[in-house]
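First comes the structure, then the notes that go with it.
Laboratory data are not the source of any read-out in this text; all were calculated from the coordinates shown. Owing to the predicted nature of the structure, the values given are computational and were not obtained by experimental measurement. Using ideal geometry, Cβ is built from the backbone for each residue, glycine included, and neighbour counts are taken over all protein chains shown.
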Amino acid sequence: MALILSAHPNIEISISNKTILQQLEQSGLEIEVRDLSRLYPHFEIDVEAEQAALQRHSTIVFQYPFYWYNMPAILKHWFDKVLTYQFAYGSKGDKLKGRNFLASFTVGAPETGYKTLADHHFRVLEFCKNIEQTAYYAQMNYIDPIFTYGHSVNAGIAATEITAKAEQHAQKLIAQLELLGRC
């Protein structure tokens, strides 16, 4: 049903993304999880394997932490390598047409940091325009991202609170995947 592309650079130290992936794996949903950082620690992406994985699923979820207003480098590199001409776009590039594209990410800063333009100048969804355009260019169905704030101990948030937020995030993601599975 769904392919989960995990792009946390070090999932072992993560509270949020690790919790979200554990919840997904325990959900009973038919999913395939591909941990890009573990599969490709030296960024040498197996394009054919990744394209085959994409073609096995109707929904693609990109699970990652929001880093410097963007996705981690491994995921950007994955996009550059895997979504090739005549596969994802071009006159014969329709291999992803009609598949669901869903970004699911955690934001370290609290929500209050994004409520005013003085703190970050832009709101989180404004940073998603590039992935939205990517989905449209590949003829995929762009699903509004699922994201939650306050996932960083560096921002003074307690690990127990982060875990609770990650569990809530996972439940939203699971509900969305169940809904997409019924369509």
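The table below gives the values:
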quantity	calculated
Cα gyration tensor shape for segment 135-183, rounded if a/c is under 1.5, else prolate or oblate	oblate
Share, in percent, of DSSP beta bridges within the chain that are antiparallel, nearest 5	5 percent
Once exposed loop GluC sites (Glu not before Pro) are cut out (DSSP; at most 11 other Cβ, 10 Å), longest piece of the chain	45-183
Given K81/K172; K95/K129; K129/K165; K95/K165; K97/K129; K18/K95, the pairs whose alpha carbons are separated by over 27 Å	K81/K172; K95/K165; K18/K95
Principal-axis tilt of helix 73-82 within the chain, Cα atoms, nearest 10 degrees	10 degrees
Cβ-defined net charge surrounding E12, 12 Å radius [Lys, Arg +1; Asp, Glu -1]	+1
Gain upon complete extension [Q168, L29; 0.36 nm per residue less C-alpha separation]	48.4 nm
Sites D144 and E48 - FRET efficiency at Förster radius 35 Å, r taken between beta-carbons, to 0.05	0.70
Environment charge of Y40, counting only residues whose C-beta is closer than 14 Å and scoring Lys/Arg +1, Asp/Glu -1	-2
In segment 9-67, the chymotrypsin sites (Phe, Trp or Tyr not before Pro) that fall in loop regions by DSSP, at most 15 other Cβ within 10 Å	F43
Label assignment, Rg/Rh (Cα atoms, Kirkwood Rh) derived from the structure, set [x] 0.96; [y] 0.98; [z] 1.03	[x]
Charge context of Q63, other residues only, Cβ under 13 angstrom, K/R +1, D/E -1	0
Distance from segment 54-91 to segment 5-21 (C-alpha centre basis), Å	17 Å
